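K.L.:
Sharing a structure here in structure tokens format.
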Amino acid sequence: MPTKYVVILGSMMSGLGKGVVTSSILRLLDFYDHDALPIKFDGYLNYDCGTMNPYRHGEVFVLDDRSEVDMDFGIYERFANRSLTGDLSITGGKLFGSVIAKERKGEYLGEDVQIIPHLTNEAISMIEAVERTRKPDVIVIEVGGTVGDIENSYFIEAVRQLALKHQTVFINLTYAPALEVVGEQKTKPAQVGYRLLLQAGVRPDFVICRSREKLNPKARAKLALFANISEDRVVDDSDAGTIYSLPLHFMEQDFDLKLLSVLGLSSKPNNAKIAKWKEKVEKVLSPKTEVSIGIVGKYTELIDSYASIKEALVHAGAATNSRVNLNWIESENLEKGNADSLLSGLDGILVPGGFGNRGIEGMINGIRYARENKVPYLGICLGMQLMAVEYARNVAGLEDSNSTEFEKDAKNKIIHLLPSQRGVDKKGGTMRLGLWECLLSSDSVSKKLYGTDKIGERHRHRYEFNNSYCDKLKEKGLRIAGTTPDGKLVEFIEWKDSFGIATQAHPELRSRLEAPAPLFVGFVAASLAAKNQKK
Ligand code: GLN
């Protein structure tokens, strides 16, 4: 059967949750055993996300194959429970780059190269390459940005043309604001959005409407009328307790069956998959207990920059039947020797990944507090590097210990540039990226948590533990809990006196609701135990 297409377009404004809608559709298609792959288009002219500031754009997500992609890929993977690849990310940068490279080669000799047809054809051929190489049943395309933007206009033209060749269902995600909680839901802005979409030559087959309260019948009727569709093609996406319930909310409205019917796909459900998802969502919505975790980071004002950490903790909460309450602690605020007042009351402390000088000493203070007070600690990437620095300074007595990222001439360079990074001067896609194997030591807590000693996790870093300090820190009680299979790079370290684990990897990037990251589950379980001990 030829691949079918679903295209999600957002109107009115960004932030409506196109990623969650796209992911929910992937989840629904999998409930019926249809192989569905997402493609995300992003209009920016960066080649990929790797060179963007997470404080502005949200987290940079990394795939197994080393691609640095938009954080929406994290949502897709967490819902679809499958690992995706970089070819599914199409950016303005990739498209323009590819067209210009072809022009230089002379592939368009004699032609004046234009947005239509050259750029649009390039977009279509990138999409069709996914169809050709993977042959999925359905490709779900999320168009980044909002209808009416200049940045995505040529891509919308490309999907309009795609629909002339392939069976394509268009879905418009819109929003019905209400002035107060109980106020009337307004549809005028959504109607303006439709007009822009129709101007671009796209008629929606379904409208999904975000709203605070459930969509009321009057608003639904108007949304249907002006979109030229029947009322049962308007789907409610009102606020819910968790994003993970959206596929089930769609099913309550038979959106799954309607979509399958329009696509001409079988509607035989895989009941085991549906039951498993329901059980997990139930755990997220009604946990038995709660636990308080502090995240000491530098971008805590924009929680999107730690999206995967946050979700990995939701997954770990579902696995331990607990609600994980997150306390975002700006690390700079921990630099005044006030760890006690800011951190007491937490059941666990996590230091996530990060770059640059700001707030580093505050993170080290937070780690010291966790170690000295036996508060469970989880360190991710930078959080591992700083756990090593803290140990070197305060346990091994190696004064002036630091990472050369922060202090080039530190006396004790506990963390230094990876050998493979020396001489790298280009910034795009040049870090140690993607899935790398690691061997966990037999006496490690990490091995117990993973249930195996051979694991693979994703990475994104330039600096690394300096092996010349291995023996000294081991002597002082630090456990080297995991290395690369060749033994050359330290990947996991642990404290021995209390729960403290850190890894150079980013296990949060592979955490899924249905397959939570073992390290996060272990950390939340240890935090729960610490909380119960306090009682
Ligand atoms: N800045 C550190 C490095 O480049 C840590 C990176 C991270 O936490 N992702 O090695």
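K.L.:
Go through (1) within 16 Å of the ligand (Cβ to nearest atom); (2) within 20 Å of Gly500 (Cα to Cα); (3) assigned to a loop (DSSP other than H, G, I, E, B) for Thr452 and report which single condition fails.
P.N.:
For Thr452, the failing item is (1).
K.L.:
While we're on this one: For the list (1) under 20 Å from the mean Cα position of the chain (by Cα); (2) within 24 Å of Leu198 (Cα to Cα), I need the number of the one condition that Ser23 fails.
P.N.:
The failed condition is (2).
K.L.:
Then there is this: Can you name the residue in region 254-292 that is β-branched (Val, Ile, Thr) and in contact with a helix residue (DSSP H, G or I) (Cβ under 6 Å, 6 or more places away or on another chain) and, of all such residues, is nearest to Lys374 (Cα to Cα)?
P.N.:
Val291
K.L.:
Follow-up. So how many residues does region 259-299 have that are among the basic types (Lys, Arg), more than 24 Å from Arg323 (Cβ to Cβ) and part of a helix (DSSP H, G or I)?
P.N.:
Residues flagged as among the basic types (Lys, Arg), more than 24 Å from Arg323 (Cβ to Cβ) and part of a helix (DSSP H, G or I) within region 259-299 amount to 1.
K.L.:
Only residues in region 458-487 that are within 16 Å of the ligand (Cβ to nearest atom) count as the first member; pair them with residues that are in a strand (DSSP E or B) and acidic (Asp, Glu), Cβ under 9 angstrom, at least 6 apart or cross-chain, and list the lot.
P.N.:
Taking only residues 6 or more apart or on different chains, the pairs are His459/Glu491; Arg460/Glu68; Phe465/Glu491; Thr484/Glu437; Thr484/Glu491.
K.L.:
While we're here: Assess whether Ala163 counts as being buried (at least 19 other Cβ atoms within 10 Å of the Cβ), closer than 26 Å to Lys258 by Cα and touching a residue at least 12 places away in the same chain (Cβ under 8 Å). Before the answer, list the steps.
P.N.:
On the way: buried (at least 19 other Cβ atoms within 10 Å of the Cβ): no; closer than 26 Å to Lys258 by Cα: yes; touching a residue at least 12 places away in the same chain (Cβ under 8 Å): yes.
No: the conditions fail for Ala163.
K.L.:
Going by the structure shown, is Ser446 part of a helix (DSSP H, G or I) and at pLDDT below 95?
P.N.:
Numbers: part of a helix (DSSP H, G or I): yes; at pLDDT below 95: no.
Considered against the rule, which asks whether it is part of a helix (DSSP H, G or I) and at pLDDT below 95, Ser446 comes out as no.
K.L.:
Sticking with this structure for a sec: At least 3 residues that are over 21 Å from Tyr47 (Cα atoms) and in contact with a Phe, Trp or Tyr (Cβ under 9 Å, 6 or more places away or on another chain) in each: list the strands (runs of 3 or more DSSP E) lying fully within region 69-175 that qualify. Steps first, please.
P.N.:
On the way: elements: 89-91, 138-143, 168-175.
Filter on region 69-175 gives 138-143, 168-175.
K.L.:
For Leu28, state whether it is over 29 Å from Tyr299 (Cβ atoms) and in contact (Cβ under 8 Å) with a residue 60 or more places away in the chain. Write out each step before concluding.
P.N.:
Values: over 29 Å from Tyr299 (Cβ atoms): yes; in contact (Cβ under 8 Å) with a residue 60 or more places away in the chain: yes.
Yes; evaluated as a whole, the condition is true for this residue.
K.L.:
Could you look through region 374-407, keep only residues that are within 32 Å of the chain's Cα centre (by Cα) and in a loop (DSSP other than H, G, I, E, B), and pick out the one that is farthest from the ligand (Cβ to nearest atom)? Step through it out loud before you land on a result.
P.N.:
In the first step, residues of region 374-407 are kept if they are within 32 Å of the chain's Cα centre (by Cα); the result is 374-391, 402-407.
Still in the list and also in a loop (DSSP other than H, G, I, E, B): 374-376, 381, 404-407.
On the way: Lys374: 25, Val375: 21, Pro376: 20, Cys381: 3, Thr404: 10, Glu405: 5, Phe406: 9, Glu407: 13 Å.
Selected residue: Lys374.
K.L.:
In addition: Could you pull out the residue among Gly379, Gly397, Gly354 that is modelled with pLDDT of 95 or more and closer than 15 Å to Ile295 by Cβ?
P.N.:
On the way: Gly397 fails: closer than 15 Å to Ile295 by Cβ; Gly354 fails: modelled with pLDDT of 95 or more.
That would be Gly379, the only listed residue that is modelled with pLDDT of 95 or more and closer than 15 Å to Ile295 by Cβ.
K.L.:
Now for a different question. Report the residue count in region 420-443 for those that are in contact (Cβ under 8 Å) with a residue 40 or more places away in the chain, outside any strand (DSSP E or B) and within 13 Å of the ligand (Cβ to nearest atom).
P.N.:
Let us first name the residues in region 420-443 that are in contact (Cβ under 8 Å) with a residue 40 or more places away in the chain, namely 421, 427-429, 431, 433-441.
Okay, now just the ones that are also outside any strand (DSSP E or B), so 421, 427-429, 431, 441.
Applying the additional criterion that residues be within 13 Å of the ligand (Cβ to nearest atom) yields 421, 427, 431.
Result for region 420-443: 3.
K.L.:
For region 325-373, which residues satisfy the criterion of being in a helix (DSSP H, G or I), away from the ligand (no atom under 16 Å from the Cβ) and either closer than 24 Å to Glu59 by Cβ or hydrophobic (A, V, I, L, M, F, W, C) (or both)? Even if it seems obvious, please write down each step before you answer.
P.N.:
In the first step, residues of region 325-373 are kept if they are in a helix (DSSP H, G or I); the result is 331-334, 339-343, 360-372.
Filter again for away from the ligand (no atom under 16 Å from the Cβ), leaving 332-334, 339-343, 365, 368-372.
Glu332, Asn333, Leu334, Ala339, Leu342, Leu343, Ala370, listed by residue number.
K.L.:
Conditions: (1) aliphatic (A, V, I, L, M); (2) out of contact with any strand residue (DSSP E or B) (no Cβ under 9 Å at 6 or more places or on another chain); (3) surrounded by 19 or more Cβ atoms within 10 Å (Cβ to Cβ); (4) closer than 21 Å to Leu26 by Cβ. Val130 meets all but one. Number of the miss?
P.N.:
Of (1) aliphatic (A, V, I, L, M); (2) out of contact with any strand residue (DSSP E or B) (no Cβ under 9 Å at 6 or more places or on another chain); (3) surrounded by 19 or more Cβ atoms within 10 Å (Cβ to Cβ); (4) closer than 21 Å to Leu26 by Cβ, only one is false for Val130: (2).
K.L.:
Further question on the same structure: Among strands (runs of 3 or more DSSP E) lying entirely in region 459-535, which contain 1 or more residues that are touching a Phe, Trp or Tyr at 6+ places or on another chain (Cβ under 7 Å) and among the β-branched types (Val, Ile, Thr)? Walk me through it before giving the result.
P.N.:
Values: elements: 463-465, 479-483, 490-494, 500-503.
Filter on region 459-535 gives 490-494, 500-503.
K.L.:
Give me the pairs, please: first residue somewhere in region 337-351 and within 17 Å of Ala525 (Cα to Cα) and free of Cβ contacts under 8 Å to residues at least 60 places away in the same chain, second residue anywhere and β-branched (Val, Ile, Thr) and assigned to a loop (DSSP other than H, G, I, E, B), beta-carbon distance under 7 Å, and either six or more positions apart or on two chains.
P.N.:
If the second residue must be β-branched (Val, Ile, Thr) and assigned to a loop (DSSP other than H, G, I, E, B), the pairs left are Leu346/Val375; Ile349/Val375.
K.L.:
If you go through region 419-436 one residue at a time, do you hit one that is at positive phi, modelled with pLDDT of 95 or more and of a type outside the set (S, T, N, Q)? Write out each step before concluding.
P.N.:
Initial filter on region 419-436 (at positive phi): 423, 429, 434.
Subsequent filtering for residues that are modelled with pLDDT of 95 or more retains 434.
When the remaining residues are screened for being of a type outside the set (S, T, N, Q), the result is 434.
Yes, that holds for at least one residue.
The values are calculated or read from the model by the stated rules, or taken from the named source; none is laboratory data. A quick note: this is a predicted structure, and the numbers were derived from the prediction, not measured. Here Cβ is always computed from backbone atoms with ideal geometry, including for glycine, and neighbour counts include all displayed protein chains.
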